[in-house]
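Heads up: the structure comes next, in structure tokens.
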Amino acid sequence: MKIKDFLAHNKKIIDSALEELLPVKAEPELITEAMRYSIFAGGKRLRPILVLSTYRATGGKKIDQILPAACAVEMIHTYSLIHDDLPAMDNDDFRRGKPSCHKQFGEAIAILAGDALFAKSFEVLQKTKVSAEIILRVNKMLSSTVGVDGIIGGQVMDITSSSDKKDRKLLKYIHTHKTGKFISGCMVIGATLANAYKNEIAALKRAGDMLGLAFQIVDDILDIKSTKKTLGKSVHKDTDKKKLTYPVVYGLEESIKKSTQLLEKTIAVFNEELRFRDTTELENIAEFIVNRIY
């Protein structure tokens, strides 16, 4: 199956589960509408698909039973996007080609919609049909990837830094935390749900860390080389806001080279340390992430 068909097929599975987990008529209607507006605004569902694919790669067979965990991941991702678009953060009027949540519903409702999705994600996670011990491990991983040691920590440093100071160490911290740890976390969660071996989970974390960094480097590149129509949001904002990015610090060509090298190292981990598993899906997703249209 071609990667775009594969992603579309899995997106339908996840969207169907999200429809059940976020009912239309839940009260209060306004906040439910705002939550569903952002959840179903588009997007490829890469993070929950990573959960499903890693689960399958490490021996998981019962996709229906772990869909709530994948949906919880997507809810957290969407919460982070809603808040990221707010005027106090990145101040973006568009997301996935549509008005951002705060442009559609106002800032107060957008903040609450993000908060509600964050809270809902952990409620939904409990619906995953695995042992309580595994749920606890997944809960700990998910909390870590989105907290001070993950998305929030990375975002704090992102909004307080500037391209005036080309600090390479800080740049890597920002990218590995605000994006990388969540990508890595999705892969670890998938393997944990499949009750994979410890050495496999460790290998997937290393691969996920590299893939997550590559993901954000490519995002930096797309902000320069893509268009609003293709990207679904404003472009050239990193330069305008003097963001600390890989192209600013390393240059465009070197950034492209770094993302390619990280992809190669990621696939090497799959081939060498998970050679007894079928990692074809993960390899295809990794290649898609890095080779997105510039």
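Here are the numbers for the structure shown:
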| quantity | calculated |
| --- | --- |
| Restricting the stretch 153-187 to trypsin sites (Lys or Arg not before Pro) in coil, as DSSP defines it, with at most 16 other Cβ within 10 Å | LYS165, LYS166 |
| Net charge over other residues, Cβ less than 13 angstrom from the Cβ of ALA57 (K, R count +1; D, E count -1) | -1 |
| For the stretch 1-74 versus the stretch 106-177, the gap between their alpha-carbon centres in whole angstrom | 18 Å |
| Alpha-carbon Rg with Dmax, taken over the chain, Å | 18.2, 51 |
| Per-residue [θ]222 nm for the chain (sum of -39500 (n - 2.57) over DSSP H runs n ≥ 4, rounded to 500) | -22500 deg cm²/dmol |
| Cross-link pairs beyond the 26 Å C-alpha cut-off, checked among LYS103/LYS205; LYS169/LYS243; LYS98/LYS257; LYS237/LYS258; LYS98/LYS172 | LYS103/LYS205; LYS98/LYS257; LYS98/LYS172 |
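Bear in mind these aren't lab numbers, they're just calculated from the coordinates by the rules spelled out. These numbers come from a predicted model, not from an experiment. Don't worry about glycine lacking a Cβ; one is built from the backbone with ideal geometry, like all the others, and counts go over all protein chains shown.
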